[in-house]
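A short worksheet on the structure shown next.
The values are calculated or read from the model by the stated rules, or taken from the named source; none is laboratory data. Keep in mind the model is a prediction, meaning the values are calculated, not measured. Backbone-built Cβ (ideal geometry, glycine too); neighbour counts: all protein chains shown. For the accessible areas, the whole protein counts, side chains as well, though only heavy atoms, and no ligand, DNA or RNA atoms are used. Shrake-Rupley method; radii C 1.70, N 1.55, O 1.52, S 1.80 Å.
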Amino acid sequence: MLRKLLEHLKPTTPGTFPGGMYPPEHKITATSPISQCPLPPVLILPLKQHIGETCTPLVDVGDSVLLGQKIAKSQGYVSASIHASSSGKVVKIEEHPIPHPSGMGRPCIFIEPDGKDTPDESLEPMPDYRNTEPSTIRERIRICGIVGLGGAVFPSFIKMVRDQRNPIDTVILNGIECEPYLTNDHRLMLEKSEEILRGMDIIMHAVNAKHGIIAIEDNKLDAVEGIRKALTEMHGIDTCNIEVRVLPTRYPQGSEKQLIYALTGREIPAGRLPLHIGLLCQNVGTANAVHNAVCLGRSLTERIITVSGDAVPQPGNVCARIGTPVPFLFARHGLHDMDDVHVIHGGPMMGERLSKLDVPVVKSTNGLLAMKRDTFYSEQAVEEPCIRCGHCVEVCPSGLVPNELAWHCRNDQFDRGQEYDLFDCIECGCCSYVCPSHIPLVHYFRYAKGQVAKIEKEQEFARISKIRSGARDNRLAREQAERAARRSRAKQQHKAASADKAETAGKSETKPAAKETQNTNENNEEEST
Amino acid sequence: MGILAAILSLGGVALAAGIVLAIASRVFHVEGDPMVGKIDAILPQTQCGQCGYPGCKPYAEAVTRGEADVNHCVPGGERAMLAIADLMGVEPKQVEEEPAPPMLAFIREDECIGCTLCIKACPVDAIIGAPKQYHTVIEDHCTGCTLCVEPCPVNCIDMVLKPEVLEEWTWSAPGTHKKIETGNKHAA
């Protein structure tokens, strides 16, 4: 009886998360296998493709590089090195547009491939990773420039800390891929299931985790099947601790916090990381990259991209080298005329529209969607007043009140916005999607977040300016005081000297002259100091 | 008798409270007007003198004394004006001039004669150099106040627009991003 009662009291995992919605999937590329993108005529590698500090180049114009050679060094702790994605020659290092909503540029290394793909074999493969020090594995992952390939591009080695206070007990592999259109993780799970599981085992060994969960949504049951099959066939892995969990399809389940809630029923406190509650979450693509780095000694030089959208004649999944120009990639899929086409970098919900198309593929490029101009704008209508229907509140996965929040952001009341937890917004786009008044809510939140950061920066600049101007005022005051003191001292000395002179005038002729010169010398010295 | 007790007890309480207040006013004494510091913290510290006072702090003092209006800080713009008006408890007033885009001083070094006049004029010590040597501006500390332009005898200082960098880019408010529409066509 008591046992039965206790069974009921056991925390059950919710299986999903609060809020969210179900947008049309449009996963038209789910059945197209990953193809290899050929070598482009030029590879453009931005010096920053991750969250953190910009890298410094290690090569000069004219240098020959090998495939996988490190060409830019990470700076500081939060940073990831950049590697040449083919062998060839460095032709120039200059600013070039990168995939960013601003359309602005960053310094990039341009490589002209020689077509030979001569690999850099300086990194030894470590197939026997289970008997390797975890710190060595972590260092390998750092050297290979691996970042989170789900889209956030946070350097992976930082998450993989072995901390005594926060031991990681479960590693979660994120195979949710909740964004419409995107199928790159889906295809990767089907085609590289063994590599992904191997990568997961490496991560589990590196952080000493006991359990592993692979989370997949129920719209990818073939991937679930594939992973389960690979699990039974794997050798050298303790597969009993690895579990495949199927979750009901719901957007934005792939977001780290939402996924962790759906799997464990635990919430990450605001401003904390999963690691603080003993969890580590990695994308399946990252696990594959970790496998390549540790077992094969390959750095991160390519990634899987979904090329899709209604303007692409032959949509598909493609494995492209980092640095491949986006127009080249689209041309491979039959899209040559880029007029009247809008390109989204990433998924349609959270991705950003490219204002310039002449950009390279970077580590964060999980999807490139080319949309016809008409499709792009047919859904967009003029912003109308809020009718307080509350749909946005229902769908917000972070439990915010988007309509109230947007009201404050629109009126530049950023303090009030922060009281409404502006910075807990994950910019998933659910509220904008469901709004019947077409209010671009997420755009308001992005604007407000940017303004808050800008104001903070200005305040910091003002603080430094104040210190500098205060120091200058003090210095000027001190100099003035010193000058005044010098003047009064000189005056006194002059007085004393003239009195002396008058006194000794009658006694001797030579002495006072000498004294006077001495006095003037003293005066001069003081003036010069 | 009853009335005497009441007077004595109330008087005693008043005396005790008075002593406590007297001690507190000594212990927690604040030098200067705290309002000056509060207003000064709102001001952008460009020390540009556009308000008619020699720097941000003198303007803050003038506002506190009631000599100056709250709307004279041009670089601070509407945000600073509203914050000051709120602090002073007065009606907000329109700032007359639009704040200029962020600028930086730039010295054309081959024309510089090394007279040090600009160094002396800079309110935040953001120009370095020595007599008869080229001077240069420390970009990170230049507030764009333009005070160095006037003293230069050879007119070799330009005010240039602060270059936009990707790290400082932020989303513009919805409905104000028309630039992208034309940008795409141009790039394609």
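Summary table below
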{"read-out": "Accessible surface, per residue, of the range A:239-315 when the full set of protein chains is kept, probe 1.4 Å, Å²", "value": "34 Å²"}
{"read-out": "Of all accessible heavy-atom area on the range B:103-163, the percent that carbon and sulfur account for (1.4 Å)", "value": "57 percent"}
{"read-out": "Under 13 Å, Cβ to Cβ, from A:SER81 - net charge with Lys/Arg +1 and Asp/Glu -1", "value": "+3"}
{"read-out": "Proximal charge balance of A:VAL318 [Cβ under 11 Å; K/R count +1, D/E count -1]", "value": "+3"}
{"read-out": "Kyte-Doolittle mean at least 0.0 and Cα axial length at least 30 Å: DSSP H helices in chain B", "value": "B:2-27"}
{"read-out": "Simple spin-label estimate for A:SER135 and A:LYS454 in nanometres, 7 Å along Cα-Cβ", "value": "4.6 nm"}
{"read-out": "Cys with no candidate disulfide partner in chain B (beta-carbon separation under 4.7 Å rule)", "value": "B:CYS51, B:CYS56, B:CYS73, B:CYS112, B:CYS115, B:CYS122, B:CYS142, B:CYS152, B:CYS156"}
{"read-out": "Between the range A:381-395 and the range A:431-457, the alpha-carbon center distance in angstrom", "value": "14 Å"}
{"read-out": "Within the accessible area of the range A:216-316 (1.4 Å probe), percent carbon and sulfur", "value": "47 percent"}
{"read-out": "Linear extension gain, A:VAL393 paired with A:ASP60, 0.36 nm per residue minus alpha-carbon span", "value": "114.6 nm"}
{"read-out": "The range B:34-88: C-alpha gyration tensor shape, a/c 1.5 cut-off, then a/b vs b/c", "value": "rounded"}
{"read-out": "Summed buried accessible area for B+A [probe radius 1.4 Å, Å², rounded to 100]", "value": "3200 Å²"}
{"read-out": "Prolate/oblate/rounded label for the range A:10-140 (Cα gyration tensor, a/c 1.5)", "value": "prolate"}
{"read-out": "Phi to ³J(HN,Hα) by Karplus 6.51 cos²θ - 1.76 cosθ + 1.60 over the range A:463-468, Hz, x for Gly, Pro", "value": "5, 5, 4, 5, 4, 5"}
{"read-out": "Under-5 Å amide H pairs with A:HIS96, H placed in peptide plane, nonlocal only", "value": "A:ARG106, A:CYS108"}
{"read-out": "Net charge, A:GLY212 excluded, C-beta distance under 14 Å - Lys, Arg +1, Asp, Glu -1", "value": "0"}
{"read-out": "Long-range amide H partners of A:CYS396 with built H, under 5 Å", "value": "A:GLY20"}
{"read-out": "Sequence-distant residues sharing a close amide H with A:LYS89 (under 5 Å, placed H)", "value": "A:VAL65, A:GLU112, A:ASP114"}
{"read-out": "Residue-by-residue Karplus 3J(HN,Hα) for the range B:105-114, coefficients 6.51, -1.76, 1.60, Hz, glycine and proline x", "value": "7, 9, 9, 6, 5, 6, 9, 5, 9, x"}
{"read-out": "Rh by Kirkwood over Cα pairs, then Stokes-Einstein D for the protein assembly as shown at 0.890 mPa s and 25 °C, µm²/s", "value": "79 µm²/s"}
{"read-out": "Size of chain B as Cα extents on the principal axes (Å, biggest first)", "value": "97, 51, 29"}
{"read-out": "Added length on full extension, which subtracts the Cα-Cα distance from 0.36 nm per residue, A:LYS501 to A:GLU267", "value": "75.1 nm"}
{"read-out": "Those trypsin sites (Lys or Arg not before Pro) in the range B:114-181 that DSSP places in a loop and that have at most 14 other beta carbons within 10 Å", "value": "B:LYS132, B:LYS178"}
{"read-out": "Size of charge dipole - the protein assembly as shown - debye, nearest 20, with Cβ of Lys, Arg +1 and Asp, Glu -1, no other charges", "value": "1480 debye"}
{"read-out": "The range A:175-183 - phi-based ³J(HN,Hα) in whole Hz, Karplus 6.51/-1.76/1.60, Gly and Pro as x", "value": "x, 6, 6, 8, 5, x, 6, 6, 9"}
{"read-out": "Shielding by partners, peptide A:99-106 (average Cβ within 10 angstrom, other chains)", "value": "4"}
{"read-out": "Crossing angle, helix A:284-295 versus chain A [Cα axis fit, 0-90 degrees, rounded to tens]", "value": "80 degrees"}
{"read-out": "Nearest-ten-degree value, helix A:221-233 long axis tilted from longest Cα axis of chain A", "value": "90 degrees"}
{"read-out": "Principal-axis tilt of helix A:193-207 within chain A, Cα atoms, nearest 10 degrees", "value": "40 degrees"}
{"read-out": "For the range A:72-91 and the range B:10-74, distance of Cα centres in Å", "value": "54 Å"}
{"read-out": "At R0 = 56 Å, FRET efficiency that the Cβ-Cβ distance of B:ASN155 and A:GLN413 yields, to 0.05", "value": "0.80"}
{"read-out": "DSSP-assigned coil residues among GluC sites (Glu not before Pro) in the range A:63-124, each with at most 16 further Cβ atoms within 10 Å", "value": "A:GLU121"}
{"read-out": "Area accessible to solvent at A:LYS257, 1.4 Å probe radius, in Å²", "value": "80 Å²"}
{"read-out": "222 nm mean residue ellipticity, helices alone, for chain A (DSSP H n ≥ 4; -39,500 (n - 2.57); rounded to 500)", "value": "-12000 deg cm²/dmol"}
{"read-out": "Shielding by partners - mean other protein chain Cβ count within 10 Å, residues of A:454-466", "value": "5"}
